[in-house]
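Heads up, the thing below is written out as structure tokens.
The values are calculated or read from the model by the stated rules, or taken from the named source; none is laboratory data. This is a predicted model, so every value here is computed, not measured. Here the Cβ positions follow ideal geometry from the backbone for every residue, glycine too, while neighbour counts run over all protein chains shown.
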Amino acid sequence: MQVVVIGAGKVGIALADALLKREDDVVIVEQGDEWLERAKHLECNKISGVVIDEDVLESADIRQADVVCAVTSSDNINIMASLMARHVFGVEKVISRLYTPEKRRVFHELGLDTINSTAKVVDAILQDIDGVAVVSQHRLFNQMIEYHLAPVDEDLIEQELKDIVTTDGQVVLGLLRRGELYPATSDLTLEKDDQLVLIEVIA
């Protein structure tokens with residue numbers, strides 16, 4: 001998978017590192033040169049320039065990208081970069097880091113996926129890239145709870161739902177099949193196009 005990461009702050013560097021460990025192709029775009037020192041350990045293409053400049057983004061091969069992640073420290077720049085990726089360069093999957101939750105409505109009205117959790121930002125972006133969607137979140141006993149929808153991996157097909165366990169802190173709540181929700185205790189065998197409903201404590 002080819003991913004363009006716009007922004008080389010703490011989140012951008014960590015995200016690029018995680019993507020490279022997955023053996024994805026990564027290009028990082030950031031303004032200035034001082035960030036190059038922080039990113040020198042990353043074996044990927046690095047582009048220095050204004051991140052909302054068409055020529056700079058073109059040099060990052062953004063038209064060939066499967067995913068663009070706008071993770072600068074500015075919501076406004078993330079919006080602009082995301083809109084350019086979507087509407088100028090035709091990238092279908094665009095993920096934006098959101099620092100101000102009050103702006104979520106603006107992002108969503110523009111058709112942009114957002115990540116605004118203050119915890120596990122990189123994990124959340126990787127899940128979004130892999131098709132894991134956050135469908136709801138709420139606070140319970142001073143902890144933030146997220147509900148995710150995740151596609152069923154091919155190696156899980158024909159396994160029993162009640163036997164499925166995760167190793168990443170998530171709990172299987174149930175199964176969504178053709179719009180109908182089944183609890184995790186159901187006597188069902190996983191099929192293609194099923195989605196797992198997962199719950200996770202994130203903060």
Among L20, L42, the single one that is over 24 Å from G111 (Cα atoms), in contact (Cβ under 8 Å) with a residue 12 or more places away in the chain and buried (at least 17 other Cβ atoms within 10 Å of the Cβ) is L42
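Mind checking which residues of the range 47-100 are basic (K, R) and modelled with pLDDT of 90 or more? Full working, then the answer.
From the range 47-100, those basic (K, R) are 63, 86, 93, 97; that's our starting set.
Correct list: R63, R86.
Working only within the range 22-34, note down all residues that are at pLDDT below 90 and on the phi < 0 side of the Ramachandran plot.
Selection gives R22, D33, E34.
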May I ask you to verify whether V56 is in contact with a Gly (Cβ under 9 Å, 6 or more places away or on another chain), surrounded by 20 or more Cβ atoms within 10 Å (Cβ to Cβ) and not aromatic (F, W, Y)?
no
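Quick check: is even one residue across the range 178-187 closer than 25 Å to K93 by Cβ, outside the structural domain of H108 (by TED's automatic domain parsing) and at pLDDT 80 or above?
Taking the range 178-187 first, the residues closer than 25 Å to K93 by Cβ are 178-179.
Next cut, outside the structural domain of H108 (by TED's automatic domain parsing) only: 178-179.
Next, only the ones that are at pLDDT 80 or above stay: 178-179.
Scanning the range 178-187 turns up at least one residue that is closer than 25 Å to K93 by Cβ, outside the structural domain of H108 (by TED's automatic domain parsing) and at pLDDT 80 or above.
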